[in-house]
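To keep things clear, I will list the structure first and then write my remarks on it.
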Amino acid sequence: MVIAARYLVSGRVQGVGFRFFTEDAAVREGLSGHARNLPDGRVEVCVEGDAEAVARFEHAIWQGPPGARVDEVTVEPQPPTGRLTGFRIRG
């Protein structure tokens, strides 16, 4: 089953390679989507793919890369569009 989710990740998640970490995790799980820094210090991550792969991805972003500290992950289920291909890091 294909699902989609938007994650808002709070903590020390900017300037520590968090977006690149999410890209590696998404590619490993075969997910499509993007990650971008938000002006308020959070990172937004949107992914779409197999439900089990999304669950593993969500677990990974709670860990983050060395140097990151994840305080909170807000999950917003989204309707899958089927239009996303690959994973991109946005500004």
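Read-outs: derived from the displayed coordinates by stated rules, not from any lab. Since the model is a prediction, treat every value here as computed from it, not as a measurement. Methodologically, a virtual Cβ is constructed for each residue, glycine included, from the backbone with ideal geometry; neighbour enumeration extends over all protein chains shown.
Go through segment 27-91 and tell me which strands (runs of 3 or more DSSP E), entirely inside it, have 1 or more residues that are under 15 Å from residue 2 (Cβ atoms) and out of contact with any Gly (no Cβ under 9 Å at 6 or more places or on another chain). I'd like the intermediate steps shown before the answer.
On the way: elements: 32-37, 43-50, 69-78, 87-89.
Fully inside segment 27-91 and qualifying: 69-78.
For segment 6-43, how many residues meet the condition of being among the charged types (D, E, K, R) and closer than 18 Å to residue 83 by Cβ?
2
Run residue 16 past the list (1) surrounded by fewer than 21 Cβ atoms within 10 Å (Cβ to Cβ); (2) not in a loop (DSSP other than H, G, I, E, B) and report the number of the one that doesn't hold.
(2)
May I ask you to list the residues in segment 50-86 that are without any contact (Cβ under 8 Å) to a residue 12 or more places away in the chain and among the hydrophobic types (A, V, I, L, M, F, W, C)?
Of everything in segment 50-86, those that are without any contact (Cβ under 8 Å) to a residue 12 or more places away in the chain and among the hydrophobic types (A, V, I, L, M, F, W, C) turn out to be 55, 62.
List every residue pair whose Cβ atoms sit under 8 Å apart, with the two residues 6 or more apart in sequence or on different chains, where the first one lies in segment 9-22 and is over 16 Å from residue 62 (Cβ atoms) and the second, anywhere, is among the polar types (S, T, N, Q).
Qualifying pairs under 8 Å: 14/37.
Search segment 23-49 for residues being over 13 Å from residue 91 (Cα atoms) and free of Cβ contacts under 8 Å to residues at least 12 places away in the same chain, and hand back the single one that is surrounded by the most Cβ atoms within 10 Å (Cβ to Cβ).
Out of the qualifying residues, it is 24.
State yes or no: is residue 9 among the hydrophobic types (A, V, I, L, M, F, W, C), part of a strand (DSSP E or B) and surrounded by 19 or more Cβ atoms within 10 Å (Cβ to Cβ)?
Judged against the criteria, residue 9 is a match.
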